[in-house]
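The values are calculated or read from the model by the stated rules, or taken from the named source; none is laboratory data. Nothing here was measured: the structure is a model prediction, and the numbers come from that model. So basically every Cβ, Gly included, is an ideal-geometry build from the backbone, and we count neighbours across all protein chains shown.
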Amino acid sequence: MSAAVAVEAKNVSKIFGAPGAEVRALDNVSVTIRQNEFFTLLGPSGCGKTTLLRLIAGFEMPSDGSILLEGEEVAHLPPYKRHVNTVFQSYALFPHMTVAQNIAFGLEMLGKPKAEVQQTVTAMLKLVRMEELKDRRTSQISGGQQQRVALARALAPKPKVLLLDEPLSALDLKLRKEMQIELKRMQMETGITFIFVTHDQEEALTMSDRIAVMSKGKILQIGSPAEIYEHPTVRFVADFIGETNFIEAEVTQRIANEGQIKLPSGIVISHPVAENVGVGATVTLAIRPERIDLVRPDAEAHLKGKISNVVYFGTDTTFHVEIDGTSKHVTARVQNRRGHQEVLKAGDAVGLRIAPEAMQILKD
Ligand code: ATP
């Protein structure tokens, strides 16, 4: 991947509202988005992701900090001078125009020569696989097809960055899944940097090269889908993306970066710990349910407990296990080809074995 920078936000804050009733939509946000990257801003409603997108587009100005496009500060540039285009959730197509006319419109406004417009429209129709419907009015095509036209129209002027604000949310689940794959393909074929906003964690994991997880105006973690999923650094990220068990443990010793951490079972594991975590501190471990193996109660294990509930899901089975000596439950998910589901039942004692790299110490 190219390391060249497409967009950079440096210590950006955005405050809306009159004095006394301010809303801090963004709070000292910094992020660097590389060229040719599929980058996703992920977070719950109100976390500030649309605001960050609008600042990059130039529809809003930061209250503090700066936005740079390819290294250049753009505070003075209006949206149309930024080589950035936006696809909105409402497609905002012209219903009385044909598919091809909608795609051509922006190019004609830019005063491009007729032959070039024609050539680009043809290429865009091919890219979004809408060649056969090019002469249909956009009022006479489906929602999914309108979405493709909106994408083609936004990509036609070859922006350096395409901003997408929850563009798939109006589509039904099947179409949305199809468009997730299509969007990724379009991004790779065009080489344009995509910045995609969503509150849907699965959508973010499926499409992105990297994800920034946001909450309450801050970016909490930036990483590849696997990094974010496997190594969440804070509780919010671990909780927002996928399912997680949180287990409290005590640091009993530390030598340099390596801590000795006592699990509720009394078992002590070695694990790297952050500098500010001293002996006697309680840390929270995040463990994904599918990283827990069930073993016989007398076998060596990290935790011991009793199965309280078994839920069969077809491909896998979820076991809820009450940890011995605590009132805490842990969820373990086991693939059904391993056969546990036929043997283990509620009330059975089990051991829980966890791969050391699957225990993630959280910062908060
Ligand atoms: P959603 O997914 O619901 O669109 P979001 O993560 O995109 O949410 P933003 O739209 O960026 O969140 O909003 C962040 C915060 O800023 C919210 O509390 C919102 O109410 C507030 N906000 C956004 N725009 C304005 C505005 N123009 N005036 C006042 N407050 C605003």
(1) outside any helix (DSSP H, G or I); (2) in contact with a Leu (Cβ under 6 Å, 6 or more places away or on another chain); (3) not hydroxyl-bearing (Ser, Thr, Tyr) all hold for HIS76 apart from (2)
Would you please name the residue that is surrounded by the most Cβ atoms within 10 Å (Cβ to Cβ), looking only at residues in region 52-83 that are in contact (Cβ under 8 Å) with a residue 12 or more places away in the chain, near the ligand (Cβ under 8 Å from one of its atoms) and under 27 Å from GLY191 (Cβ atoms)?
-> LEU52
For THR40, state whether it is away from the ligand (no atom under 11 Å from the Cβ), in contact with a Phe, Trp or Tyr (Cβ under 7 Å, 6 or more places away or on another chain) and either part of a strand (DSSP E or B) or assigned by TED's automatic domain parsing to the domain that holds GLN187 (or both).
-> yes
Pairs under 9 Å by beta carbon, first residue at positive phi in region 14-28, partner more than 9 Å from the ligand (Cβ to nearest atom) and in a strand (DSSP E or B), six or more apart or different chains?
-> ASN28/ASN11; ASN28/VAL12; ASN28/SER13; ASN28/ASP64; ASN28/GLY65; ASN28/LYS218
From SER13, SER45, residue being in a strand (DSSP E or B) and of a type in the set (S, T, N, Q) | SER13
Residue among ALA286, ALA299, ALA274, ALA349 that is surrounded by fewer than 16 Cβ atoms within 10 Å (Cβ to Cβ), modelled with pLDDT of 95 or more and of a type in the set (A, V, I, L, M) = ALA349
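Looking at THR122, THR86, THR98, can you tell me which residue is farther than 23 Å from LEU164 by Cβ, touching a strand residue (DSSP E or B) at 6+ places or on another chain (Cβ under 9 Å) and either within 16 Å of the ligand (Cβ to nearest atom) or not acidic (Asp, Glu) (or both)?
From the options THR122, THR86, THR98, the qualifying one is THR98.
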Just name the residue that is farthest from the ligand (Cβ to nearest atom) out of those in region 161-177 that are closer than 13 Å to GLN145 by Cα and part of a loop (DSSP other than H, G, I, E, B).
-> ASP172
Sole miss for MET188 among (1) more than 9 Å from the chain's Cα centre (by Cα); (2) in a helix (DSSP H, G or I); (3) surrounded by 18 or more Cβ atoms within 10 Å (Cβ to Cβ) is condition (3)
Which of the residues that make up region 164-184 are closer than 18 Å to PHE38 by Cβ, aliphatic (A, V, I, L, M) and surrounded by fewer than 17 Cβ atoms within 10 Å (Cβ to Cβ)?
-> ILE181
